[in-house]
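Before any comments, here is the structure.
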Amino acid sequence: MQRGNIRTIHEHERRYLSLVCHKLGCRRGNRILFTCLEFALGAGDVLRIDGENGSGKTSLLRILAGLRQADTGHVSWQGTGVRNPDGHVRQDLLYIGHAAAVKDNLMAWENLVFTELLIGQAGKTLALDALAKAGLGAHACTFGKALSQGQRRRVALARLHLPRVRTLWILDEPFVGLDGAAVDALCIAMQAHRSNGGIIVYTSHQDAGPPDVRSLRLPGAN
Ligand SMILES: Nc1ncnc2c1ncn2[C@@H]1O[C@H](COP(=O)(O)OP(=O)(O)OP(=O)(O)O)[C@@H](O)[C@H]1O
């Protein structure tokens with residue numbers, strides 16, 4: 001079943017959605033960033049991670065995404081460790097880091113096609129549609145080098161509007177550099193994803209995001 005062009009996450013799929021952190025700890029250099037973090041997220045949950053600069057928000061997101069090994073504890077997605085190659089996290093995850101990662105010499109739509117491995121005319125149509133939904137339709141054919149920081153950010157966030165079901169969204173500072181309209185559009189997209197049963201973990205220094213989110217503040221230097 002489709003809602004707009006986003007497929008509904010079926011009830012039987014929702015039952016298995018879970019991101020569980022058990023006694024998670026992380027050290028960078030000789031500094032312990034956090035220890036014994038515990039939480040469990042299920043279908044429809046949104047977790048906002050907050051904390052001062054350098055407190056370990058990005059490090060935590062990378063651990064949740066399976067991109068970095070935790071120093072202690074573990075993270076599982078649908079019951080399997082996120083670094084286990086047999087797990088589902090690679091296919092279920094949409095990770096957007098805080099750098100927009102837009103290539104200067106590709107047009108906005110080409111960037112999206114390149115990042116998401118979209119193919120042919122159908123792929124181009126999907127990219128154009130996603131950019132329009134991200135409020136960047138007028139700049140779909142603008143080269144990356146001619147986009148402003150906020151527009152580059154919108155290219156990255158357009159991935160949220162592609163009609164692929166990625167049940168787990170991990171977003172690093174998604175609101176940075178966005179104007180008010182883009183912040184509102186992102187909140188609506190996040191709310192739609194959670195209503196569809198998806199899970200979101202995001203970092204933000206701003207008090208931005210959908211209503212009724214859970215929050216976790218990292219302790220920071222002391
Ligand atoms: N490659 C590295 N080697 C050693 N320490 C690092 C490395 N990268 C980051 N760190 C340290 O790890 C800590 C956490 O960094 P991280 O990027 O996770 O923090 P953050 O909370 O996301 O920060 P910000 O709000 O500034 O984006 C910082 O104190 C940083 O100095």
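Summary of computed values
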{"quantity": "Reciprocal mean inverse distance between Cα atoms of segment 153-222 - Kirkwood radius, Å", "calculated": "13.0 Å"}
{"quantity": "Neighbour-count ranking [beta-carbon atoms within 10 angstrom, fewest first] of VAL75, VAL89", "calculated": "VAL75, VAL89"}
{"quantity": "Sequence of LEU117, LEU24 once ranked by neighbouring C-beta atoms within 10 Å, starting from the fewest", "calculated": "LEU117, LEU24"}
{"quantity": "For segment 109-122, 3J(HN,Hα) per residue [Karplus equation, 6.51 cos²θ - 1.76 cosθ + 1.60, θ = phi - 60°, Hz, x = Gly/Pro]", "calculated": "5, 5, 4, 5, 4, 5, 5, 9, 6, 7, 10, x, 5, 5"}
{"quantity": "Local net charge near LEU147, Cβ-Cβ under 13 Å (Lys/Arg +1, Asp/Glu -1)", "calculated": "+3"}
{"quantity": "Only Lys, Arg (+1) and Asp, Glu (-1) charged, at Cβ; segment 2-216 dipole about Cα centre in debye", "calculated": "400 debye"}
{"quantity": "Peptide ranges 135-141, 178-184 listed from the most packed, as the mean C-beta count within 10 angstrom indicates", "calculated": "135-141, 178-184"}
{"quantity": "Global form of segment 99-222, assessed from the alpha-carbon gyration tensor, a/c cut-off 1.5", "calculated": "prolate"}
{"quantity": "Three semi-axes of the equivalent ellipsoid, segment 76-118, Cα gyration tensor, whole Å, largest first", "calculated": "29, 11, 7"}
{"quantity": "Sorted by Cβ neighbour density within 10 Å, fewest at the top, the residues ILE32, ILE200, ILE49", "calculated": "ILE32, ILE49, ILE200"}
{"quantity": "Residue with peak Gaussian network fluctuation, the chain [Cα springs, cutoff 10 Å], from LEU106, LEU168, LEU160", "calculated": "LEU106"}
{"quantity": "Per-residue [θ]222 nm for the chain (sum of -39500 (n - 2.57) over DSSP H runs n ≥ 4, rounded to 500)", "calculated": "-8000 deg cm²/dmol"}
{"quantity": "Segment 36-103: C-alpha gyration tensor shape, a/c 1.5 cut-off, then a/b vs b/c", "calculated": "rounded"}
{"quantity": "Using alpha carbons only: equivalent-ellipsoid semi-axes of the chain, gyration tensor based, whole Å", "calculated": "29, 21, 16"}
{"quantity": "Under 5 Å, built H, 5+ apart or other chain: amide partners of TYR95", "calculated": "ILE170"}
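Each reported figure results from applying straightforward, stated rules to the coordinates on display, with no laboratory input. As the structure is a computational prediction, the values presented were derived from the model and not from experiment. Note: ideal-geometry Cβ built from the backbone for every residue, glycine included; neighbour counts use all protein chains shown.
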